[in-house]
Amino acid sequence: MTNNPFGRLRPGARGLLVGLLTAVFLTPFYLMLRNALMDSRGLASPRWTWWPSPMHWENFTALLDDPTLHMGRALGNSLLIAGITAPVSTLLASAAGYAFARIPVPGRGVLLALVVATLMIPGSVTFVPTFVVVGSMGGVNTLWGLIAPGLFNPFAVLLFRNFYLQFPAEIEEAGRLDGLGWFGLYRRIALPASGAMLASLGALAFIDSWNAFLWPLVIGQDPSSWTAQIALSTFLTSQTINLPGLFAGAVVTVAPLVAMFLIAQRYIVEGIATSGLKG
C-alpha cells in the first residue's frame, strides 16, 4: 500500500492538480514579466490587462543604459561573487564533512558540536562582529569582503558528513591497500562519488549568494561594489518609485536563478535524497 496521497487520485484528477499547482507556481513569474513590459501609466491603471499592448521592451534597455544604476557591473559582481562562493564553500564543506565522518582525531565530537551550534545562532547576532572583523582588515568596498563570510556553510558540512558516513568503507579499504592516505582517499574516491551532492549544494549555495542583500548592502557601500540586489533596491526610494524599471530589473536578476534551477533540479533532489535526511 502506497503512502503517496496523490496515488489514490485518478490520472485525470492528478493531471488537473499538477496543472493547478504549476499555474500557481508560475503566476509570480508571469506577473513579473507582464509588469516589466508595461509603462507607468499601465501599471497604475485600475483596469486589468492580461498582457501589455504595446510591449515596452525599452524598459530593459533603459535598465542597462542607466549611468547612475551600474546594472551591468552589479550583475557582473553578483555573478563573480556567487561563482566563487558556490564552488569554494561547497568544496570546503565536502572536505570538512569527510574529515568529521572518517578521520579519527581527538576532539572530533566537540568540533562537530561547535559546528552544529553555529546553526543555532541567529545571523543577526554575528552580523556586527563579522562586519568589525572584515572592516578592520580593509574588506569594505572589496569583493573579497563580500565573499569571505559566505565561505563557511555548516549546514552543508553536516549534509556531507551524513553522506560520507553512508559511503561504503570497503571501497576506501581497497584504496588504502593501494597506498592512499586520507587526502588521497578523499580526492580519488570519496569526492568523485559525491558528485550529486556537490552539484545540488553548489546550486543552492549559488542561489543563496546571488540573493544575499543585507551583507552586500553594508559592505558594498560604493556603487562599484554593488550587487544586483542592491541595484534593484535603488528603484524604491522615498522620492521616486520606478515600477517598470523595478520589474525589468527583477526579470533580469531572476533569469540566472531560473536557469540554474532548471539545470540542477535533478541533482538537488538526488543530493538531498542521498544526504541522510530522507523522511
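Data overview
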quantity: Residue count, the stretch 250-279 (criterion: modelled with pLDDT of 70 or more, closer than 16 Å to Ala156 by Cβ and open to solvent by 30 Å² or more (accessible area, probe 1.4 Å)); calculated: 1
quantity: Sole exception among (1) among the polar types (S, T, N, Q); (2) in contact (Cβ under 8 Å) with a residue 40 or more places away in the chain; (3) open to solvent by 70 Å² or more (accessible area, probe 1.4 Å) for Ser124, by number; calculated: (2)
quantity: Entirely in the stretch 177-229, the helices (runs of 4 or more DSSP H) that have 1 or more residues that are open to solvent by less than 30 Å² (accessible area, probe 1.4 Å), touching a residue at least 12 places away in the same chain (Cβ under 8 Å) and among the small types (Gly, Ala, Ser); calculated: 195-211
quantity: Cross-chain or 6+ apart pairs with Cβ under 8 Å, the stretch 132-145 first and β-branched (Val, Ile, Thr), then open to solvent by 30 Å² or more (accessible area, probe 1.4 Å) and outside any loop (DSSP other than H, G, I, E, B); calculated: Val134/Ala148; Val134/Pro149
quantity: Members of the stretch 230-240 found to be at pLDDT 75 or above and either of a type in the set (A, V, I, L, M, F, W, C) or not in a loop (DSSP other than H, G, I, E, B) (or both), listed by number; calculated: Ile230, Ala231, Leu232, Ser233, Phe235
quantity: Those residues of the stretch 127-158 which are of a type in the set (Ser, Thr, Tyr) and not in a helix (DSSP H, G or I), in sequence order; calculated: Thr142
quantity: Hey, Arg108 touching a Leu at 6+ places or on another chain (Cβ under 9 Å) and open to solvent by 60 Å² or more (accessible area, probe 1.4 Å) or not; calculated: no
quantity: Close pairs (9 angstrom Cβ cut-off, 6 or more residues apart or separate chains): within 10 Å of Leu119 (Cβ to Cβ) and among the aliphatic types (A, V, I, L, M) in the stretch 153-166, modelled with pLDDT of 90 or more and buried (at least 22 other Cβ atoms within 10 Å of the Cβ) anywhere; calculated: Val157/Ala93; Val157/Ser94; Val157/Gly97; Leu158/Ala93; Leu158/Gly97
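The values are calculated or read from the model by the stated rules, or taken from the named source; none is laboratory data. These numbers were taken from a predicted model, which means no experiment stands behind them. Reconstructed Cβ throughout: ideal geometry from the backbone, glycine too, with neighbour counts over all protein chains shown. Side chains are part of the model used for accessible areas, which takes the heavy atoms of the whole protein and leaves out ligands, DNA and RNA. Shrake-Rupley method; radii C 1.70, N 1.55, O 1.52, S 1.80 Å.
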